[in-house]
1. I'd like the residue in the stretch 74-106 that is in a helix (DSSP H, G or I), closer than 30 Å to L25 by Cα and among the hydrophobic types (A, V, I, L, M, F, W, C) and, out of all such residues, is farthest from ligand 1 (Cβ to nearest atom).
2. Which ones in the stretch 193-207 are more than 16 Å from ligand 2 (Cβ to nearest atom) and of a type in the set (A, V, I, L, M)?
3. Considering the stretch 230-262 alone, what residues qualify as being part of a helix (DSSP H, G or I) and out of contact with any helix residue (DSSP H, G or I) (no Cβ under 9 Å at 6 or more places or on another chain)?
4. Would you please name the residue that is farthest from ligand 2 (Cβ to nearest atom), looking only at residues in the stretch 164-185 that are closer than 14 Å to L121 by Cβ and either among the hydrophobic types (A, V, I, L, M, F, W, C) or loosely packed, with under 15 Cβ neighbours inside 10 Å (or both)?
5. Need pairs with beta-carbon distance below 8 Å; first residue over 21 Å from A47 (Cα atoms) and within the stretch 146-160, second of a type in the set (S, T, N, Q) and part of a helix (DSSP H, G or I); sequence gap 6+ or separate chains.
6. Enumerate the pairs (first residue in the stretch 23-49 and over 20 Å from T192 (Cβ atoms); second residue anywhere and of a type in the set (V, I, T) and surrounded by fewer than 16 Cβ atoms within 10 Å (Cβ to Cβ)) with beta-carbon separation below 8 Å, excluding pairs fewer than 6 apart on the same chain, so at least 6 apart or on different chains.
7. Only one residue in Y13, Y30, Y36 is aromatic (F, W, Y) and under 20 Å from D235 (Cβ atoms), so which one is that?
8. Select, from L121, L130, the only residue that is part of a helix (DSSP H, G or I), without any contact (Cβ under 8 Å) to a residue 40 or more places away in the chain and surrounded by 19 or more Cβ atoms within 10 Å (Cβ to Cβ).
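Read the figures in this text as sums done on the coordinates, not as results from a lab. Bear in mind the structure is a predicted one, so any value in this text is a computation, not a measurement. Quick reminder, even Gly has a Cβ in these numbers, built from the backbone with ideal geometry, and neighbours come from all protein chains shown.
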Amino acid sequence: HLELMKSMKPGMYERDMENVFCQYLRNKYYTRFWAYNCICGSGPNSATLHYDVNNRKMKDGDLFLTDMGIRFLGYVSDITITIPVNGKFTQKQKEIYDIVLKANRDCIASMKPNITRIQDLNVLSKKIILQGLQDIGIIKAGMNIDEMYNAGLWRTFMPHSLGHLVGLDVHDVGRNVTYKSMGYLEDGTFITVEPGIYFIDFMMDKAETDLNLVKYLNVEKLEEYRGFGGVRIEDDVLVYEDHVESLQKDLPRTTEEIEQFMANNKYN
Ligand code: GLY
Ligand code: MN
Ligand code: MN
């Protein structure tokens, strides 16, 4: 993923990023297997969850969301970064990114082996996202977060759960351990933490015409985000007996870290 940040520039195609990833891993590690089709969505395509057409030319000012993983010794990884194509986030992009990063960081920080129920993390991530959207005015001020969560408003912006187990398959199965079950994190659990905010046309249309949802929204403000795309930040987190560790803890993740890394390490 660092290679992607070094290579990225406006005018490249999404598939060029897929090539950077695959060629780097092939050359360096003789990688032969991928965990799933590379997801390389720029601009509006970043709002499509499993977009893998990867044929759009990336423009100055776009966000680029890439979700790629490899298979190594039988086990897979599943990592998402969202970066600005030109190396610099706009204020609007930064605001959305920071909400998603807070959800990612706060969820990982609250993961306690044998104490945290996985479903509670899922709920936490969605409430952080609703709160963040309220703070920037897309959701009306003063309205109750628990109430809009229960009404299902989270689905408009993050229509997937916080993550899934990873292992022999990218969406692996385990003993009663999913974000929808009452299972606890336990020693050996390997799970993704991948909150996101997406501005998906049909989800926006649906919310704006649903009386139970539209009452929470500043529709005019929300409309400013049509075509914005999406942001997802995905870590693979390993649970030990008494702590957890993100295997992506050393990636540049804050907007400042990403901008700095891209400015200082460009190949071209
Ligand atoms: N790569 C698909 C997912 O994040 O679940
Ligand atoms: Mn993924
Ligand atoms: Mn995933």
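1. Checking each candidate, the answer is L101.
2. Step one: list which residues in the stretch 193-207 are more than 16 Å from ligand 2 (Cβ to nearest atom), which gives 199-207.
If the condition is that a residue be more than 16 Å from ligand 2 (Cβ to nearest atom) and of a type in the set (A, V, I, L, M), then I200, M203, M204, A207 are the ones that fit.
3. Just the residues of the stretch 230-262 that are part of a helix (DSSP H, G or I), to begin with: 255-262.
Listed by number, the residues that qualify are E256, E257, E259, Q260.
4. Going residue by residue through the stretch 164-185, those that are closer than 14 Å to L121 by Cβ are 164-165, 177-185.
Among the residues that remain, those that are also either among the hydrophobic types (A, V, I, L, M, F, W, C) or loosely packed, with under 15 Cβ neighbours inside 10 Å (or both) are: 165, 177, 180-182, 185.
Numbers: L165: 13, V177: 18, K180: 18, S181: 20, M182: 24, L185: 19 Å.
It comes out as M182.
5. Close Cβ pairs satisfying both conditions: A151/N212.
6. So the pair list comes out as N45/V53.
7. Working: Y13 fails: under 20 Å from D235 (Cβ atoms); Y30 fails: under 20 Å from D235 (Cβ atoms).
After applying the criteria, what remains is Y36.
8. Working: L121 fails: without any contact (Cβ under 8 Å) to a residue 40 or more places away in the chain.
Matching residue, one of L121, L130: L130.
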